[in-house]
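Each reported figure results from applying straightforward, stated rules to the coordinates on display, with no laboratory input. Note that this is a predicted model, so its numbers are computed, not measured. Positions of Cβ are backbone-derived with ideal geometry, glycine not excepted, and every protein chain shown enters the neighbour counts.
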Amino acid sequence: MGLRAGVQRWAEAAKAGFSRVADIVLPPLCLGCGCGLDSHAALCGTCWAGVDFIDRPYCEVTGVPFPYEAGLGAVSAAAIANPPSYARARAVMRYNEGSTRLIHRFKYSDRMEAAPAFALWLVRAGAALLAEADLVVPVPLHKRRLFFRRFNQSAELSRAVARLAGIGCAPELLVRVRATRPQVGLSGDARRRNVAGAFRLAPGVAPLVKDRRIVLIDDVMTTGATAEACARVLTGAGAREVSVLCLARVVPAGGASI
């Protein structure tokens, strides 16, 4: 056996050994409920069954699923009546009990190992958006909330998505200049008022935005008020197109209507 082959076998054996030690120190756990698994960054059968992944047919603009086949390129009545400030939106899954548990463990329990798995899902759901994108940008946290939470979950997802998609990431391009109240429990109009004027471009980054196709990354999309506020800032700075990609979104009962 040659020297190169011997070194390669030694490296593979060492890697396997380190992996076994890591599994003892940090055993693989389900991203949803925390039960033991055979591999990292995975879900148990129960948690997987609780995730309602979004797939076609859906509105080509908002990404909200239709309850029936509506034909390729169909746009919902809501998107026609009130066109959003973003071009397209896509989400991995519906916001329900199963996805809430996943996202909350990632967001509030420092389950950072979930980011690579979630990024794979995001790249699949947003393949068409990312194929045309120049830049990935996360929805920012206000510095006060970032201090207490210690990390911006949308920024971590953006970095992982950008690596997989092979495009640039600008985690500090947008700034939340006003500490808004939590959106939970607010009506659609109240959410829009809450985030009005809350976002701006960071100083000196305008050249990164002009004529670029940008994908905005967030964890949850409810009414779309936050995404629209960010999209307006980016398009106002000269972005050619802004699309939205999120882990989960609230879907109205019955889905989108034609």
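Observations, loosely collected:
- Label point distance in nm, C35-R124, each placed 7 Å from Cα along Cα→Cβ: 2.1
- Of the peptides 135-141, 94-100, the order by per-residue mean of other Cβ atoms within 10 Å, starting with the highest, comes out as 135-141, 94-100.
- Sites E172 and S257, calculated FRET efficiency, Cβ-Cβ separation with R0 45 Å, nearest 0.05: 0.70
- Sequence-ordered 3J(HN,Hα) estimates for the range 163-178 from the Karplus curve with 6.51, -1.76 and 1.60 and θ = phi - 60° stand at 4, 5, 7, x, 10, x, 10, 10, x, 10, 6, 9, 10, 8, 8, 9 Hz, glycine and proline given as x.
- Burial ordering of Y86, Y68, fewest other beta-carbon atoms within 10 Å first: Y68, Y86
- Distance between the pseudo-spin-label points of R150 and D134 (7 Å out from Cα toward the beta carbon): 3.7 nm.
- Tensor-based shape of the range 51-249 (alpha-carbon gyration tensor, a/c under 1.5 rounded, otherwise prolate or oblate): rounded
- Protection proxy ranking, highest mean first, for peptides 30-40, 197-207: 30-40, 197-207, where packing is the per-residue count of other beta-carbon atoms within 10 Å, averaged.
- With θ taken as phi - 60° and the Karplus curve 6.51 cos²θ - 1.76 cosθ + 1.60 applied, the whole-hertz 3J(HN,Hα) list for the range 89-97 is 9, 9, 9, 6, 8, 6, 7, 9, 4 Hz, x standing for glycine and proline.
- Mean separation of Cα contacts under 8 Å (6+ apart) over length of the range 77-161, as relative contact order %: 32
- Burial ranking of peptide ranges 247-253, 216-222 (average Cβ count within 10 Å, highest at the top): 216-222, 247-253
- Mean Cα-pair separation over length for the range 51-249, i.e. relative contact order, pairs under 8 Å, 6 or more apart, %: 24
- Length added when fully stretched, R163-V205, from 0.36 nm per residue minus Cα-Cα: 13.0 nm
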